[in-house]
Structure formats: C-alpha cells, structure tokens
C-alpha cells in the first residue's frame, strides 16, 4: 500500500473510531481477573499490563478524535445505534480498576479509576439518555433498539462491583459506599428490565436479518452475568456490614435470579449464532463489535465461579467456569488477532464500514 494511502486510512480509522472499542479493555480485563481467580498469576499480570496499554491508547485516540473530528463525535452521540457504545468507557475504566486492585494490588489507583468511572457513568447515562429523549428525529423500534443498549446496564454494574471491592479498605466510609453500590446494583437491574423488554419485543415481532444480530447481542447474557458478579460481591461483604447483613437472603435470591437469567440466554444465543453463520452463511470477519461477544463469555465464567464459592456454596459448577473461560480466551485470541491485522493494515480490503456500523 502506498504510504500516503496507508496514512489516509489510519486517519480515517481515527475519524470513524467506534465508541464501543473500549469493549476490548472490558474483555481483556475480565479474562485477566478470571485468570487471577484460578491462580494463573503470570497470565493475569500479562493481560493486565496489556490492558493498561490498550486503555491508554484508546483514551488518546478518543481525545484525538474529539479534538480533530468533533462533528463525527457529536454525530455518534446523536446516533441511536452508536451512542450506547460510549458506555463501554465506563465499564472499561472500572474493570481496569479491579485489575489494579486485585492483580497489581494498588488500591489507590483502583480508587482513582472508580471515581473516574462514576463521573463517566453519570455523564454518559444522563447525557446520552437525555439527548435521545429530546432529539426530534428518532428511528422506529425495529432499527433504534439493539443489544448494545444493555452496555448501560454493564456500566452501572461495573461501578457497583469495584465500589463494593473497595469498601472493605475504607473503615470510615464502608457503609456509605455499600449503600451506593447497592443502589447502583438494583438500579442497573431495573434498567435491564426496561431495555430487555424492548429488545425481546423487537426479536419476536419484527423480521430480523442475519446482519441485525451483530456480536453484541451476547450482551443480553453479559449484562445479567455482571449483575450476578455485583451480587456475589455484595453477598461476600454482607456478614461484615450492618446495612447489608439484614438483606442477605434478598441479595442471595436476586443474585441467583440474575445468574439463572444469564444462563437462560445462552442456548438462544447459540441457536441464533448457528442460524446466522451456518444456515444463512454470513461470513465471520473482524469487526470491533466482536469484543462485545468476548466480554460476556469471560464474565459468565467469573460470575459462575464466584456464585459457586460465595452464594450457593457448591463445587460442581467448576466445569461451567472452565468451559466459558476457555471459550472466552479463544474468542479473545481471535478478536485480538483481527484487531492487530486491522490496525496494521493487513485487512484494509475488508468490507466493514466503521461509520455505518451500529450495535444491533
């Protein structure tokens, strides 16, 4: 490729950088945490340092895009399909914060990222939903709602997970932090109810093409998986909390409900994937939205193991963890390989058009 064309394609990539690209940080981080949970320390450390690089790189590219291409950035904010991708910045920040806390054992950095995550959550949640509420031109339900909207739930629950983990390190402010994370957990769960009802209605009563079922429809499951993880975190600290201890049966029941809901989605998603790629022969080519598939696989693995250890106290769910952990790692390798090929220019002939991509 001529140098001028190559440089032009790179600048075009920054101009059209998908807001959901921070899902790569979410996916890498959750697999690092899952690896740490089973004492694969070297792998966990490697993924953590790689994730720090990914986060910083995407932050710089996003700042570059806002500075040099403000119209494209604003256009994404007004787009029903792409705007919800900005919620990945919230979840990515908090997942990385968990890595600083658990893997690197740097609670001060984790607390700083949690504070940043709260600010990003408030700005994206109330900013994006307000913009979509008051804008005059709106799409119909069949094109306006998509699985990516559930990243808003993931964002709220990521704040809850990291905050609950940090609460044990603050004796003076432990209970106020836990009240806040409990509120985020329950609020995120209610938001899931609102959004999944619309998504389910779209699935059942509107015709779907294979292209409509882009990879982030796995967030239907992933949003409940991270809700399960947030619940297990609250259950773990409940015996030491005057606020949460009386609510322990309620917390345990809701956590099992969320895990059951996440589990219910898995066969449906596999069937839809079979229909999409094998029956309708839609080819699998790299798309940044595939990171929205990797994250739910890793999240389901880690939430299942935490549920088994902290809530239901059983050991026969270990094979479930290993199945989804291995699947998540294989999916991560495939997505990372595709991302490297895309960014180094080897796949410049791909038919993927970042500007037109939404998150169905």
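Bear in mind that the values in this text are calculations on the coordinates, not laboratory data. A quick note: this is a predicted structure, and the numbers were derived from the prediction, not measured. Please note: Cβ atoms are built from the backbone with ideal geometry, for glycine as well, and neighbour counts cover all protein chains shown.
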Measure nothing fancy, just the Cα-based angle from helix 3-15's long axis to the longest principal axis of the chain, in degrees from 0 to 90, nearest 10.
50 degrees
Rounded to the nearest 500, what is the 222 nm mean residue ellipticity of the chain from helices alone, with -39500 (n - 2.57) per DSSP H run of 4+ residues and division by all residues?
-24000 deg cm²/dmol
Once the mean of 1/r over all distinct C-alpha pairs in the chain is inverted, the Kirkwood radius in Å reads 20.6 Å
The chain: relative contact order from alpha carbon pairs under 8 Å, six or more residues apart, as a whole percent, is 21 percent
Helix axis angle, 318-343 relative to the chain longest principal axis, alpha carbon, degrees:
30 degrees
Any idea what angle helix 41-68 forms with the longest principal axis of the chain, computed on alpha-carbon atoms, 0 to 90 degrees, nearest 10?
50 degrees
Given the C-alpha atoms of region 1-131, compute the convex hull and give its volume per residue in Å³.
122 Å³
Any idea how far apart residue 68 and residue 256 come out in nm if each label point goes 7 Å out from Cα toward Cβ?
5.5 nm
